[in-house]
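Reviewing the structure listed below.
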Amino acid sequence: MATKEEKIEDVGTIKGIGKHRRVEVTRLFPFAIQDVWEAITEPENVAQWFGELTIDQTEGGRIKLGFGKTEVTGSIKTFMPPHVFPYTWEQGGESTSLVQVDLIETAADETLLTIVQSALDADVATDVGAGWHSMMDRLAQVLHTRAFAPQDGKRWEYLSAAYQALG
């Protein structure tokens with residue numbers, strides 16, 4: 001069976017063989033690495049673009065994300081500010097997957113953020129790709145405006161269809 005690899009707007013990829021997939025979304029932000037790190041690890045900041053976050057910022061610590069009625073829990077594998085933050089993604093009804101968050105400072109006020117979610121069930125990979133892509137859009141908006149970024153329904157529909165085409 002062939003490996004699938006496609007790109008959406010040079011940001012997302014979905015790769016996989018058989019029933020498992022790996023989603024990767026990358027974005028270059030015109031902000032210092034510490035600003036991006038705080039936006040993705042501090043609960044009050046995460047609430048502005050992603051969801052409700054409870055986090056024990058240590059290796060082996062627990063993480064909990066709330067999205068309305070949906071809850072995700074996990075265990076932090078490594079916590080190395082402001083560069084690396086992998087954790088398990090445990091959501092009812094799905095196999096446990098791994099989220100790897102990497103930040104690379106490419107210039108004084110420029111950070112490359114890569115989020116990889118691997119060991120995904122194939123039937124959820126397209127939604128995960130569209131989800132991370134959409135969250136990166138919202139994160140960019142929050143970093144630029146310092147204000148809450150609501151979900152854009154039309155953008156979500158576009159991304160969902162685009163990632164479904166990769167499926």
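Relative contact order (percent) for the chain, with alpha-carbon contacts under 8 angstrom and 6 or more residues of separation?
Taking the mean separation of contacting Cα pairs over the length of the chain, I get 24 percent.
Could you estimate the translational diffusion coefficient of region 92-167 from the Stokes-Einstein equation, with Rh from the Kirkwood formula over C-alpha pairs, at 25 °C and 0.890 mPa s, in whole µm²/s?
It diffuses with D of about 175 µm²/s by this estimate.
Once neighbouring chains are kept in place and the probe is 1.4 Å, which whole percent of the accessible area of the chain is contributed by carbon and sulfur?
With neighbouring chains kept in place, the figure for the chain is 51 percent.
Can you work out the Karplus-derived ³J(HN,Hα) for every residue in region 97-106? Use 6.51 cos²θ - 1.76 cosθ + 1.60 with θ = phi - 60°, whole Hz, and x for glycine or proline.
Running phi through 6.51 cos²θ - 1.76 cosθ + 1.60 with θ = phi - 60° gives 10, 10, 9, 10, 10, 10, 10, 10, 7, 9 Hz.
Rounded to the nearest 0.05, what FRET efficiency do A32 and Q164 give with R0 = 35 Å and r taken as the Cβ-Cβ distance? Could you check?
0.50
Between A122 and K64, what is the label-to-label distance in nm when each label sits 7 Å out along the Cα-to-Cβ direction?
3.5
Tell me, what is the per residue accessible area of the chain in Å², probe radius 1.4 Å?
50
Restricting to DSSP loop positions (anything but H, G, I, E, B) with no more than 16 other Cβ atoms inside 10 Å of their own Cβ, which GluC sites (Glu not before Pro) remain in region 21-82?
Here the GluC sites (Glu not before Pro) that fit, given the DSSP loop and packing criteria, are E59.
What's the longest bit of the chain with no exposed trypsin sites (Lys or Arg not before Pro), using DSSP loop states and at most 16 other Cβ atoms within 10 Å as the test?
Here the longest segment lacking exposed loop sites spans 78-145.
Given the rule -39500 (n - 2.57) for each run of at least 4 DSSP H residues, summed and divided by the residues of the chain, what is its mean residue ellipticity at 222 nm, to the nearest 500 deg cm²/dmol?
After summing the helix terms and dividing by the residues of the chain, the value is -9500 deg cm²/dmol.
The values are calculated or read from the model by the stated rules, or taken from the named source; none is laboratory data. None of the values given here were measured: they were computed from a predicted structure. Using ideal geometry, Cβ is built from the backbone for each residue, glycine included, and neighbour counts are taken over all protein chains shown. For accessibility, only protein heavy atoms count, side chains too; no ligands or nucleic acids. Shrake-Rupley method; radii C 1.70, N 1.55, O 1.52, S 1.80 Å.
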